[in-house]
Amino acid sequence: MRGLFASSQRVRDGWRIGLRACGGEELRDSLVGMTGARRTLGVMAVGAAVVGLVAQAIRPSLGRPEGPRVEMAVPPQVREILVRRCYACHSDEPRLVWWDEAAPMYWVVASDVQRARAAVNYSEMGTKPLATQRAVLFESVNQIELGAMPLRIYLLGHPDAEVTAEELATLKKYLAPFATGPASAGAGASESAHEDVTEAAGPSPNGVPFLPGFANWRVISTTDRGDDHTLRMITGNEIAMRAIAAHQLPSWPEGAAFAKSTWQAVDDGHGRLVPGKFLQVEFMEKHRVQYAGTGGWGFARFVGADLKPYGKDAHFENECLGCHEPVRDNDYVFTLPLPRGSER
Amino acid sequence: MRMRVVGCVVMLAMVCGCKGKKIADADLYNVQAALTTGLPYPVLEWRAITTAVNRGREDGEGTAEATMDTLFGNDAAVAAARAGTAYPAGAVLGLVTWREREDPHWFGARIPGAVVSVDFVVVGATTVCREFAGEPLREVTNCGAKRAAEMEGMKAAWTP
């Protein structure tokens, strides 16, 4: 069963890419060549019908997952949108229409629901800390805005499931990331004198190495995050900086690496937000073959001043890839680098 | 066999059909935030000391006057800033100020927009502050002791 899900996922990815870019034209051209194979098709159709009937017996369960069920604490107009557009996959109440109920469609849908629940299940989100719930809502809005959710392939069979511009605006208005400043007003600026730590507290569970010296890399960009009141600086190694100067994007070359350092934003007492406590550093390093399973990038995160590796096991990288997936056309990179080579 | 070939062609067409897709420059680089020519120091080639945000006045929609700075320094400046010691003669600080804009890739984030100014503090027997602004960047003022003291007072962001 597992293998089947995995391959259906890959086929689906092919669909997604194909449909997004080529408007189906190549597809039509290739189908024309099929008319000569009509007899073969007939035989295959009968075979398929038999296999199809037998297949109906194989039904992965979509029962209620374990653990306490608490809905998110959000106003009704926000909840309604999530229920209408997302609960079909991301809740305890999968809503299937009749054509979803027959295998092999059912397998695709069941796999979607299982993977969707594993990523986000709104039916249990209420048990999580408020900050986590808020982070999930921001990720949700961004997945919608970048066209990644609801899944493209799902919209083909359920055209009325798309989030409307009004609904998206409602969600954004509720979240209002810059309406309030950080809570830690008046706190002092960051610690100053320090020893450089050149080692992480341990390896990342997926084996992606810590890259010492990232604080000496050149700056790619900075971000001011109103969703979680942090300031971030994205730096790049030599290979990455050369690729920017040589105008090679979006294909980042082998060995290119980014580090993103995140600090709590604190008010310095003069109306300015400055980096306070160091929260974490995250890396992406490009090795096409070695990291083929995660878009060619090795992901790693090291948390706190002692650089504790993040992740219970190697699966943590699915979190990283999942959120970076909507920018796959940019080689999974969110940041728009400051242009280089024109200054001086 | 025939079906297999046709099937493969279909799949290939779907997967490869997007190869020729061209992404606009503005979707790959932060073109708006580019530093133009006209600066006396290669400030983006320097290491960063810290970053700061001035949220300015909110206009309800967002970014009315908000700016985002990054303080860069030459090697002498970065070493002193990170050690928390006074800047020695020869240290040069460069503060780039951008107007903030919404991040097109992430609702909830703001990133550098157009350049507002670039200020340099050149530490020496007499410390000099020089401000560059406009497009292309031109020296506009001698920004004075107060600004220089402000820039020298920015603490290094702490990184392990």
For A:D331, state whether it is within 10 Å of chain B (Cβ to nearest Cβ), at pLDDT 95 or above and out of contact with any His (no Cβ under 9 Å at 6 or more places or on another chain). yes
Candidate set: segment A:109-122, residues that are over 21 Å from A:E71 (Cβ atoms) and surrounded by 20 or more Cβ atoms within 10 Å (Cβ to Cβ); chosen: the one modelled with the lowest pLDDT: A:V109
Can you say whether B:A125 is small (G, A, S), more than 22 Å from B:Q32 (Cα to Cα) and more than 19 Å from the chain's Cα centre (by Cα), as far as the supplied structure shows? yes
Residues satisfying the stated conditions in segment B:94-110, i.e. at the interface with chain A (Cβ under 7 Å from one of its Cβ atoms) and either out of contact with any strand residue (DSSP E or B) (no Cβ under 8 Å at 6 or more places or on another chain) or open to solvent by 10 Å² or more (accessible area, probe 1.4 Å) (or both): B:D103, B:H105, B:W106, B:F107
Filter segment B:80-93 for residues that are in contact (Cβ under 8 Å) with a residue 40 or more places away in the chain and touching a strand residue (DSSP E or B) at 6+ places or on another chain (Cβ under 9 Å); which is nearest to B:Q32 (Cα to Cα)? B:L93
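Quick grid of which residues meet (1) of a type in the set (A, V, I, L, M); (2) assigned by TED's automatic domain parsing to the domain that holds A:H315; (3) at pLDDT below 95; (4) farther than 28 Å from A:T132 by Cβ:
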{"residue": "A:P205", "(1), (2), (3), (4)": "no, yes, no, no"}
{"residue": "A:V219", "(1), (2), (3), (4)": "yes, yes, no, yes"}
{"residue": "A:P253", "(1), (2), (3), (4)": "no, yes, no, yes"}
{"residue": "A:T262", "(1), (2), (3), (4)": "no, yes, no, no"}
If you go through segment B:26-39 one residue at a time, do you hit one that is modelled with pLDDT of 50 or more, out of contact with any helix residue (DSSP H, G or I) (no Cβ under 8 Å at 6 or more places or on another chain), open to solvent by less than 40 Å² (accessible area, probe 1.4 Å) and assigned to a helix (DSSP H, G or I)? yes
Which condition number in (1) at pLDDT below 95; (2) exposed (fewer than 14 other Cβ atoms within 10 Å of the Cβ); (3) under 28 Å from A:E139 (Cα atoms) is the one that A:F178 fails? (2)
Unmet requirement for A:G295, which otherwise passes all of (1) out of contact with any helix residue (DSSP H, G or I) (no Cβ under 7 Å at 6 or more places or on another chain); (2) more than 14 Å from chain B (Cβ to nearest Cβ): (1)
Residue list for segment A:152-163, filter: open to solvent by less than 50 Å² (accessible area, probe 1.4 Å) and either farther than 26 Å from A:F334 by Cβ or in contact (Cβ under 8 Å) with a residue 40 or more places away in the chain (or both): A:I153, A:Y154, A:G157, A:H158, A:A161, A:V163
Scanning segment A:242-274 residue by residue, the ones that are within 26 Å of A:L307 (Cα to Cα) and over 26 Å from the mean Cα position of the chain (by Cα) total 5
Exactly one of A:M149, A:M125 is closer than 19 Å to B:G108 by Cβ, touching a residue at least 12 places away in the same chain (Cβ under 8 Å) and open to solvent by 60 Å² or more (accessible area, probe 1.4 Å), and that residue is A:M149
Across (1) in a helix (DSSP H, G or I); (2) of a type outside the set (K, R); (3) open to solvent by less than 50 Å² (accessible area, probe 1.4 Å); (4) free of Cβ contacts under 8 Å to residues at least 60 places away in the same chain, A:Q143 clears everything bar (4)
Filter segment A:148-183 for residues that are away from chain B (no Cβ under 14 Å) and over 20 Å from A:P76 (Cα atoms) and give the result. A:P150, A:L151, A:Y154, A:L155, A:G157, A:H158, A:P159, A:D160, A:A183
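The values are calculated or read from the model by the stated rules, or taken from the named source; none is laboratory data. Every value quoted in this text rests on a predicted model; they were computed, and no experiment measured them. Positions of Cβ are backbone-derived with ideal geometry, glycine not excepted, and every protein chain shown enters the neighbour counts. Side chains included, ligands, DNA and RNA excluded: accessible areas come from the protein's heavy atoms. Shrake-Rupley method; radii C 1.70, N 1.55, O 1.52, S 1.80 Å.
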